[in-house]
1. Please arrange Val99, Val79, Val49 by how many other C-beta atoms lie within 10 Å of their C-beta, fewest to most.
2. How big is the range 26-117 along each principal axis, measuring the range of its Cα positions in Å and listing the largest first?
3. Along the positive direction of the dipole of the range 2-112 (beta-carbon charges: Lys, Arg +1; Asp, Glu -1; about the Cα centre), which of Val49, His22, Val81 reaches farthest?
4. May I ask you to list the chymotrypsin sites (Phe, Trp or Tyr not before Pro) in the range 1-104 that are in a DSSP loop and have at most 11 other Cβ atoms within 10 Å of their Cβ?
Amino acid sequence: MSLNISGDEDAVYDDGYLRVEHGKFYVACAGNPLYNLTRKEFLILSRLVRAMGRPVTKQEIWGFAWKGDAEFNRDTLRVHVASLRRKLSPFGLDIIAVVHVGYRLMSLTRRAEGDVP
């Protein structure tokens with residue numbers, strides 16, 4: 001399992017199932033590339049993967065994906081997260097809302113095993 005998740009553009013997250021090549025905007029689950037992600041969806045996923053399983057604040061996600069291009073908008077972020085959830089769910093991945101904090105990326109199998117309260 002290679003978990004190079006530094007801030008480098010060449011960083012790669014690979015846990016044997018999910019692979020994210022941050023600098024190349026490439027995502028694959030179980031060896032199947034996900035070509036249908038928008039740029040914002042990819043950036044949201046990229047930020048969540050860098051903290052896999054741990055919560056990331058909404059403001060952190062916004063700052064990473066929008067890079068100061070727009071003022072924080074909770075509804076816009078929610079729409080992008082909902083769309084990303086729909087695209088990831090067939091692959092057994094979910095974005096969990098953490099009340100008053102933000103979101104975290106989790107495997108549905110881990111969630112079923114009780115790793116998520």
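What follows is calculated from the coordinates using simple rules that are stated; it is not laboratory data. Computed from a prediction, not measured in an experiment: that's the story for all the values here. Heads up, the Cβs are rebuilt from the backbone with ideal geometry, glycines too, and the neighbour counts pull from every protein chain shown.
1. Lowest count first: Val99, Val79, Val49.
2. 37, 31, 20
3. My answer, from the dipole projection, is Val81.
4. When the chymotrypsin sites (Phe, Trp or Tyr not before Pro) of the range 1-104 are filtered for loop state and at most 11 Cβ neighbours within 10 Å, Tyr35 remain.
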